Amino acid sequence: MAESKREIDYSVYLVTGRDLLPPGKDYLESLEESLRGGVTIVQIREKTTETGEFLEVARRSQALCRKFNVPILINDRLDIALAIGADGVHIGQTDMPIAVAKALLPPGAIIGMTCNTPAHVAQAVKDGADYVGVGPVFATQTKNVASPMLGVRGLQDILAPLEGTNVKAVAIAGIKYTNALQCLYGAVRPSGLGLDGLAVVSDIVASHEPEAAARKLATVVHAFKSTIPHIFSLSQHPYTSQYIKENAAQLFPAIRRHGPLVQQITNTVVTTQSANATLALGASPIMANAPQEMADISKAIGGLLINFGTIQSLDGMIEAGKHANINRKPVVFDPVGVGASQYRRSSANSLLNTWQATVIKGNAGELAAIANSQEVRAKGVDSVGQGFKNPALFVRDLARRERCIVVLSGKTDYVSDGTTVVSLNNGHPLLGDITGSGCMLGTCIAIFCAAASMEATPEDGKLVSGDMFIAAIGGVLALTLASEKAAARDDVKGSGTFLPALIDELGKLSPEEVVALANVEVVSV
Ligand SMILES: Cc1ncc(COP(=O)(O)OP(=O)(O)O)c(N)n1
Ligand SMILES: Cc1nc(C(=O)O)sc1CCOP(=O)(O)O
């Protein structure tokens, strides 16, 4: 075993599982192919194998790993690790304590520990683990796991005790190429601390083409590591008010050029007017709810809106977001009335634990509920009271926590990407007199996000390409400027005549008008 600790690349962490090999696939052949595909560390896991056979499997695996200069760890069995001179061990909560393993292993040995809670992680750090395997993130068929699923957002909390330490982390359970990026994004803490890698069994071992499976995962992890996490904008910092207005304005013709199909899982109250607003802006609506059709629909759309107003199919919302992430389409989440019931709160958690939102848009009461803040209360779908003391700080922090753009709607709208905050002061009081103007705002944001991502060149390692910060601002400006123009019309006598005029004006806004009329300020926090 190595005497001094070598620098380990945990990016693509293969845990072996010979029982999962496809029929006819040889174990060593599969391992070699996966190493060729870019596996960066291997753990030999044999749960029911006799010692002699385990030793043989470990020796042969080690010979292959050496060929690729990839470290090899042994699951649970220190005797096997010592016998072959492995690089280290992975131990579970009910296995040998780290202190005992440390005493038995040579000084350079790597020790990894399974952790299911922040307390486990804190203890592993104290005991001197080199890395933690945190999970279960998702459901898995590979092992019966007793601990509750963490979900993508749970990863942030479990990594908290690693702040300020040099202990590394990999996530495990149910991780596939298709959800790898969600998982990596979901784990990023406001400080920027995140996962060092992803541990997988079946995604590689059960594949007929382990080299390709490993390469796909490696591409995602390496691309992610080379991007700035939690930022969905184009890092054009510092943003100026003029830059924002000009670039948001350019998205109006971009929508007409691309005519994006925008999927909207929205509520029964506003479906027709949201569809009409979509058409007016130059996009096409598709109001599909059924979980069974999400895989197909997701390939065709430019963006997705999930509006919580009347939750008809939570499964549909889960599947739609999952497939949007897989297909790298922007997801706008409008948690309408999320504070109104325990069911809505737990549903919002399930959604945000399954997929990564690109934009979360809500009023003060809704965003307070998402942030678990007591500062603002909600009554049904409306906020009660004065709002946040410092709304700019609130949106910035929520954007950091959720790793997405946050839009706080109100008399003044606030938008943040976690770094920059802008205040938007456009709109007309008549918006408050029609039902579903907030829902139409979600629709507009989804349309602008779709257009911005269609304008951009897709980049590996990014869930969505294009400047989603500018797109979200564009969506807000579309509705608020159209409301000002509609309200000023002679034929508008009240809320009844305002709604059709609003739809008309949405379709007529020019980029020049947007630059001239938009009231955008970059706010220092
Ligand atoms: C990287 C990684 N994380 C977690 C585990 C699970 O280990 P353990 O809790 O010891 O359970 P078994 O693997 O023994 O079933 C792991 N093996 N690797
Ligand atoms: C070995 C192991 N440990 C887990 C834990 O949660 O502790 S889940 C798991 C198996 C993960 O397999 P797959 O990548 O096929 O889902």
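The values are calculated or read from the model by the stated rules, or taken from the named source; none is laboratory data. In this text the structure is predicted, and so the values were computed from the model without any measurement. Don't worry about glycine lacking a Cβ; one is built from the backbone with ideal geometry, like all the others, and counts go over all protein chains shown.
Tabulated values for the structure
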{"item": "Entirely in the range 434-525, the helices (runs of 4 or more DSSP H) that have 1 or more residues that are surrounded by 24 or more Cβ atoms within 10 Å (Cβ to Cβ) and of a type outside the set (D, E, K, R)", "result": "437-455, 468-487, 495-506"}
{"item": "Residue in the range 62-73 that is in contact (Cβ under 8 Å) with a residue 40 or more places away in the chain, assigned to a loop (DSSP other than H, G, I, E, B) and either touching a Leu at 6+ places or on another chain (Cβ under 6 Å) or basic (Lys, Arg) (or both) present", "result": "no"}
{"item": "Checking residue 101 against (1) crowded, with 21+ Cβ neighbours inside 10 Å; (2) in contact (Cβ under 8 Å) with a residue 24 or more places away in the chain; (3) assigned to a helix (DSSP H, G or I), the condition it does not meet", "result": "(2)"}
{"item": "Checking residue 430 against (1) buried (at least 18 other Cβ atoms within 10 Å of the Cβ); (2) out of contact with any helix residue (DSSP H, G or I) (no Cβ under 6 Å at 6 or more places or on another chain), the condition it does not meet", "result": "(2)"}
{"item": "Flag if residue 40 is surrounded by fewer than 19 Cβ atoms within 10 Å (Cβ to Cβ) and within 13 Å of ligand 1 (Cβ to nearest atom)", "result": "no"}
{"item": "Residue in the range 177-195 that is within 14 Å of ligand 1 (Cβ to nearest atom), within 24 Å of residue 347 (Cα to Cα), touching a residue at least 24 places away in the same chain (Cβ under 8 Å) and in a loop (DSSP other than H, G, I, E, B) present", "result": "no"}
{"item": "In the range 116-152, the residues that are of a type in the set (Gly, Ala, Ser), within 11 Å of ligand 1 (Cβ to nearest atom) and under 19 Å from residue 198 (Cβ atoms)", "result": "133, 135, 147"}
{"item": "Pair list, Cβ under 8 Å, 6 or more apart: the range 156-170 residue closer than 17 Å to residue 8 by Cα and away from ligand 2 (no atom under 16 Å from the Cβ), other residue at pLDDT 95 or above and among the aromatic types (Phe, Trp, Tyr)", "result": "167/131; 168/10; 168/131"}
{"item": "Tally of residues being surrounded by 24 or more Cβ atoms within 10 Å (Cβ to Cβ) and either assigned to a strand (DSSP E or B) or free of Cβ contacts under 8 Å to residues at least 24 places away in the same chain (or both) across the range 400-421", "result": "10"}
{"item": "Total residues in the range 19-30, condition closer than 16 Å to residue 65 by Cβ and either surrounded by 15 or more Cβ atoms within 10 Å (Cβ to Cβ) or within 16 Å of ligand 1 (Cβ to nearest atom) (or both)", "result": "2"}
{"item": "Matching residues, the range 191-232, being hydroxyl-bearing (Ser, Thr, Tyr), more than 16 Å from ligand 2 (Cβ to nearest atom) and either buried (at least 23 other Cβ atoms within 10 Å of the Cβ) or at pLDDT 90 or above (or both)", "result": "219"}
{"item": "Answer from 108, 133 - the residue that is of a type in the set (Gly, Ala, Ser), closer than 19 Å to residue 44 by Cβ, within 16 Å of ligand 2 (Cβ to nearest atom) and in contact (Cβ under 8 Å) with a residue 12 or more places away in the chain", "result": "133"}
{"item": "Residue 147, sole failed condition from (1) of a type in the set (S, T, N, Q); (2) within 13 Å of ligand 2 (Cβ to nearest atom); (3) surrounded by 17 or more Cβ atoms within 10 Å (Cβ to Cβ)", "result": "(3)"}
{"item": "Residue check for residue 93: part of a helix (DSSP H, G or I) and in the same structural domain as residue 160 (by TED's automatic domain parsing)", "result": "no"}
